[in-house]
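A.B. asks: Sharing a structure with you now.
The values are calculated or read from the model by the stated rules, or taken from the named source; none is laboratory data. Here the structure is a predicted model, which means the values were calculated and not measured. Here Cβ is always computed from backbone atoms with ideal geometry, including for glycine, and neighbour counts include all displayed protein chains. The accessibility values were calculated without ligands, DNA or RNA, using every heavy atom of the protein model including side chains. Shrake-Rupley method; radii C 1.70, N 1.55, O 1.52, S 1.80 Å.
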Amino acid sequence: MVDSRGKVNLFSRPRRFGKTLNMSMLKSFFEIGAASELFDGLYISHNKKLCDDNMGKYPVIFLSLKNVEGLDFQAAKYQMIEIIAKEAKRFVYLKQSDRLDIDDKSAYASLIRLEDGRYEMRDEALYASLQTLSELLYKHHGRKTVILIDEYDVPLDKAFQNGYYKEMVSLIRAIFGKALKTNEALDFAVLTGCLRVSKESIFTGLNNFKILSITDTRFDEHFGFTDEEVERLLAFYHVENRFAETKEWYDGYHFGNVDVYCPWDVINHVDRIKDDPMAEPEAYWINTSGNELVKRFIDKAGKTTRNEIERLIAGEAIDKQIRLDMTYDEIDNNIDNLWSVLFTTGYLTYTKISEDKKYSLVIPNKEIKEVFKLQIQEWFRNEIFSNTEQLQDFWKAFKDGNTQIMEMYLNKVLSNSVSVFDTKARNEEKEKSCEKALKQIKDRRYQEYLLNNDRQNIMYYGIAFCRKRCKVLVER
């Protein structure tokens, strides 16, 4: 960051890849009064000049916007006010600063005003809040300010989901515009988020704006773990024999020129297996929040896209044009935008980029494959049980032994669904497989418990599947 930063630096990475931890690290390194012992013995400590010139030398404003949400705009706006006010209160010494005049102190007071236990901030003060605070800190310390904004896109996501997207865009554009574009007290800023929101929506007119997405080779290994780091971690806890499963479940992401693991998963997995040798890998990343994006993707998928999802689950790559920036209200405009969002948020990664700028997309690892399977199965259940009339006809055909109607129903269901399991029967062998199934029923005497309960009218069904077709045989 010291050697090659821009005035404003935006890192977009999937969730649980260490964005907040990296931001906390930057705060701990640059902020005046920082605990320098945190870096003792680490690589950075050997660069004495860099540390002498930068460590503990800057006033730092650090905001995490992950909790700026609400069912309506006013609720979310108050969350923004509260977060900014609480950060401003960290600098309460500004009240007594002999370098600030009465107007400066009045401006500071407007950022932390409490009435009946709630922070009160006028719109004009809110829009200028980060610029005002950075100017006051600059005036007091004589050193320009570093601004760190974590999860900058969460308020936009929540606003889009709850119907006040335009209002939130306007609010963030106003705050960011003053703090990052026309702020002489700013040394540099760093923002992180999952989605790279279109510059035109909230960063309009911002000069010297450096975007560092998951395809950028700069800073490519600074989010996520590499093979070497995972091997060292496993060795430290004497569980080196678990490397292969750790790689299968949690590796597979490609950032810039580096392949990386999801650090959240690796840390949680190692924490389990170091104490319990019998513990199996779990889906830690997907359990930290809902997987609404995958659900929306599958709900919106037509027949062609469903076939592409099947190929992804089978381990194939799908070539797609990808948009690395967009506004939230564009996400659902078409299925191609959803492909792009799945890529930027970590549900898909890429193996290469072709000359015509198409990305070869793949599912990164076993954990994410489970996300797709679970959402597909949920979609399948909803689709099947929503059409009760057809389902009743199927049950009646089943009861009557009408294999033709059963086959028609099952084939229709299969043609409109996404397959996530391999089937054993070849198309030309379906009838033989049905006969084999019927023989198995009789050889293993599956009907015995029914006969013992005086059930005499028993029908035996053999059903074989091959991709999107099935065959049904019945014997009485």
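A.B. asks: Using bins 10 angstrom wide from zero, how does P(r) for the chain break down, in % of all Cα pairs?
C.D. replies: 4, 16, 22, 21, 16, 10, 6, 4, 2, 0
A.B. asks: Counting alpha carbon pairs within less than 8 Å and at least 6 residues apart, what relative contact order, in whole percent, applies to the range 280-387? List each step's numbers first, then the result.
C.D. replies: Details: 105 pairs, mean separation 34.3, N = 108.
About 32 percent, as a whole number.
A.B. asks: Multiplying the sequence separation of Asp329 and Asp227 by 0.36 nm and subtracting their Cα-Cα distance, what value in nm do you get?
C.D. replies: Values: separation 102, 0.36 × 102 = 36.72 nm, distance 3.76 nm.
That pair, Asp329 and Asp227, stretches by 33.0 nm at full extension.
A.B. asks: Using a 1.4 angstrom probe, figure out how much accessible area the range 284-363 has per residue, in square angstrom, rounded to the nearest whole. Write out the running numbers ahead of the final one.
C.D. replies: Numbers: 3490 Å² over 80 residues.
Accessible area per residue: 44 Å².
A.B. asks: Let me ask another. Which lysines have a Cα less than 21 Å from the Cα of Lys352, not counting those fewer than 8 places away in the same chain?
C.D. replies: Reachable lysines: Lys247, Lys320, Lys366, Lys369.
A.B. asks: Also: Taking Lys210 as the anchor, which lysines have their alpha carbon closer than 20 Å to its alpha carbon, excluding any fewer than eight residues away along the same chain?
C.D. replies: Lys7, Lys19, Lys27, Lys144, Lys178, Lys181, Lys199
A.B. asks: While we're looking at this one, here's another question. Using 1/(1 + (r/R0)^6) with R0 = 25 angstrom and r between the beta carbons of Thr388 and Arg476, what's the FRET efficiency to the nearest 0.05? Don't skip to the end; give the middle numbers.
C.D. replies: On the way: r = 28 Å, r/R0 = 1.12.
FRET efficiency, Thr388 to Arg476: 0.35.
A.B. asks: Next up: Show me the trypsin sites (Lys or Arg not before Pro) within the range 355-431 that DSSP assigns to loop and that have at most 16 other Cβ atoms within 10 Å of their Cβ.
C.D. replies: Numbers: sites: Lys357, Lys358, Lys366, Lys369, Lys373, Arg381, Lys396, Lys399, Lys412, Lys424, Arg426, Lys430; in loops: Lys357, Lys424, Arg426.
The qualifying sites are Lys357, Lys424, Arg426.
A.B. asks: Right, another one. Given the options Asn183, His254, Val341, identify the residue whose Cα lies farthest towards the positive end of the charge dipole of the chain (+1 on Cβ of Lys, Arg; -1 on Cβ of Asp, Glu).
C.D. replies: Of the listed residues, the answer is Val341.
A.B. asks: State the percentage of accessible surface on the range 1-132 attributable to carbon and sulfur atoms; use a 1.4 Å probe and exclude ligands, DNA and RNA. Intermediate results must be reported in sequence, preceding the final value.
C.D. replies: Details: 3540 of 7030 Å².
Looking at the range 1-132 in its full context, I get 50 percent from C and S.
A.B. asks: Follow-up. Using a 7 Å offset from Cα along Cα-Cβ at Asn208, what residues in the range 53-75 end up with backbone N under 18 Å from the label point?
C.D. replies: Taking a point 7 Å out along Cα→Cβ of Asn208, the residues of the range 53-75 whose backbone N falls under 18 Å are 54, 58-61.
A.B. asks: Can you tell me how the range 1-108 classifies by the Cα gyration tensor, rounded, prolate or oblate, using a/c under 1.5 as the rounded cut?
C.D. replies: Working: a/c = 2.42, a/b = 1.23, b/c = 1.97.
The shape class here is oblate.
A.B. asks: Give me the distance in nm between label points sitting 7 Å out from Cα along the Cα-to-Cβ direction at Asp336 and Leu71, one decimal.
C.D. replies: 3.9 nm
A.B. asks: Please compute P(r) over all alpha-carbon pairs of the range 392-476, binned at 10 Å starting from zero, and give each bin as a whole-number percent.
C.D. replies: Distribution as computed: 17, 42, 33, 8, 0 percent.
A.B. asks: In addition: Say the dipole of the chain comes from +1 at the beta carbon of Lys and Arg and -1 at that of Asp and Glu; which of Ser12, Asn452, Gly33 then lies farthest toward its positive end?
C.D. replies: So the residue we want is Asn452.
A.B. asks: Which of the aspartates and glutamates could be linked to Lys432 by a straight reach, that is with a Cα gap under 17 Å, when you skip same-chain ones fewer than 8 residues away?
C.D. replies: Glu407, Asp443, Glu475
A.B. asks: Find how much the distance from Arg118 to Lys396 grows on full extension, using 0.36 nm per residue of separation minus their present alpha carbon separation; answer in nm with one decimal. Before the final figure, lay out each step's value.
C.D. replies: On the way: separation 278, 0.36 × 278 = 100.08 nm, distance 6.31 nm.
Extra length from Arg118 to Lys396 when fully extended: 93.8 nm.
A.B. asks: So for the pair Asp101, Met25, with labels modelled 7 Å out along Cα→Cβ, what separation do we get in nm?
C.D. replies: Using points 7 Å along Cα→Cβ, the separation is 4.3 nm.
A.B. asks: Please list Lys436, Lys77 from largest to smallest accessible area, probe radius 1.4 Å, with all protein chains kept in place. Kindly include the intermediate steps, with their values, before the conclusion.
C.D. replies: Numbers: Lys436 150, Lys77 30 Å².
Putting Lys436, Lys77 in descending order of accessible area: Lys436, Lys77.
A.B. asks: Let me spell out the model: positive unit charges on the Cβ of Lys and Arg, negative unit charges on the Cβ of Asp and Glu, origin at the Cα centre of the range 380-452. What dipole size does that give, in debye rounded to 20?
C.D. replies: Its charge dipole is roughly 280 debye.
A.B. asks: As a test of reading the structure, rank Ile149, Ile405 by solvent-accessible area (1.4 Å probe, protein chains only), most first.
C.D. replies: Ranked list, largest accessible area first: Ile405, Ile149.
A.B. asks: Calculate the dipole size of the chain relative to its Cα centre from +1 charges on Lys and Arg beta carbons and -1 charges on Asp and Glu beta carbons; express the result in debye to the nearest 20.
C.D. replies: Values: 71 positive and 76 negative charges, 176 e Å.
That gives a dipole near 840 debye.
A.B. asks: Report the relative contact order of the chain, percent, no decimals, based on alpha-carbon pairs under 8 angstrom and at least 6 residues apart.
C.D. replies: Details: 714 pairs, mean separation 65.6, N = 476.
The normalised contact order for the chain reaches 14 percent.
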